[in-house]
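Only the coordinates and a few stated rules stand behind these numbers; no lab work does. Just so it is clear, the model here is predicted, and its values are computed rather than measured. Using ideal geometry, Cβ is built from the backbone for each residue, glycine included, and neighbour counts are taken over all protein chains shown.
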Amino acid sequence: MTEPLQLLGSSGELLMAGHHVLPPLSIALVVGVLLPRALSRSHWPHRRPRLAVAVWNLLASALTASVSLTALRLVLSGVTECGPLLPDGLPDAGTRMWVALSAAAVAPAAFAAALARELVSAGRHRARHAELLRLVGTRRPELRATVLQHETPAVYCLPGRAPQVVISSGALHVLAEQQLTAVLEHERAHIAGRHHLLTAAAVACGRTFRGLPLAESVRTEVPLLLEMAADDRALRRCSRDALATALFAVASGQAPDKAFAAGGPSAVLRMRRILAPHATGSPAPRTVFVALTAAAALITLVLACCSVPGVTG
């Protein structure tokens, strides 16, 4: 009779452990799978690209936190369950805390390592290209840009510690004054907004959580949204026609790796957005989406705070 009761007690403890793990695991599912798919299908991000970038970043942060919290609670439950089977019995509270926090740190540490690798790699690429520009480029103070002798129209920027905008001689030949102002403002928007850091974070998230819809979407959506945000900032100083025709002129231009180009594969989509802007639309969908994302992040934070006192219990 004693053995069935012991088994029943163990099953109850396992159910209780699963009960503790279920909330953060559910949040990880929501922010890692469900919300990214819904956000990718929504239309409002292209109307509010800066807000959409913030939402993607919040989703990535919530996913990292929920995965960490899931690991913490899972390890705490596992140590408690397996402790009696160990030669020295159940570890003390301090040991349990240390093991649990080590497990919880895996996801943030993996993201931080991926981010550091991306920043270092991108920095090296830009430094090599900047050295080349010092040899073959010509600084034009009136443009606040470096001119590169090349017949293909191209405009791009190298962000970082020593940022600079680069424009080809071919672009100078085909762009009118207003068009030139438009593309230069677009590139300066990338530099002022430190968009290279947001892009690096998106790449790091994609590598850390490879296979999840959030990881796949954030690597493609964030760079596009940053280009749209730079377009919006350029439109403060130029007309829609000037920016759209300038993008058309430099669409085929090539840029070095880890640089932001005014043209590129997204140019056609962005030209359509500039020339035929979406109607303002109802704020309800984005309000609901932002509220859900913020709620998921807040709940994760509350769960994390509530988990700490229970470690020593």
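Between Trp98 and Phe248, what is the spin-label point distance in nm, taking each point 7 Å from the Cα along the Cα→C-beta axis?
6.8 nm
According to the Cα gyration tensor, what semi-axes, each the square root of 5 times an eigenvalue, does the equivalent ellipsoid of the range 186-268 have, listed from largest to smallest in whole Å?
25, 13, 11
Using a Förster distance of 51 Å, how high is the FRET efficiency between Thr287 and Leu135, based on the Cβ-Cβ distance and rounded to 0.05?
0.45
Using bins 5 angstrom wide from zero, how does P(r) for the range 113-180 break down, in % of all Cα pairs?
P(r) over the range 113-180, rounded to whole percents: 4, 16, 24, 23, 13, 10, 6, 3, 1.
Quick one: putting +1 on the C-beta of Lys and Arg, -1 on the C-beta of Asp and Glu, what dipole do you get for the range 114-252 around its Cα centre, in Debye to the nearest 20?
Here the size comes out at about 620 debye.
Shape call for the range 113-263 from the C-alpha gyration tensor, a ≥ b ≥ c root eigenvalues: rounded (a/c under 1.5), prolate (a/b greater than b/c) or oblate?
oblate
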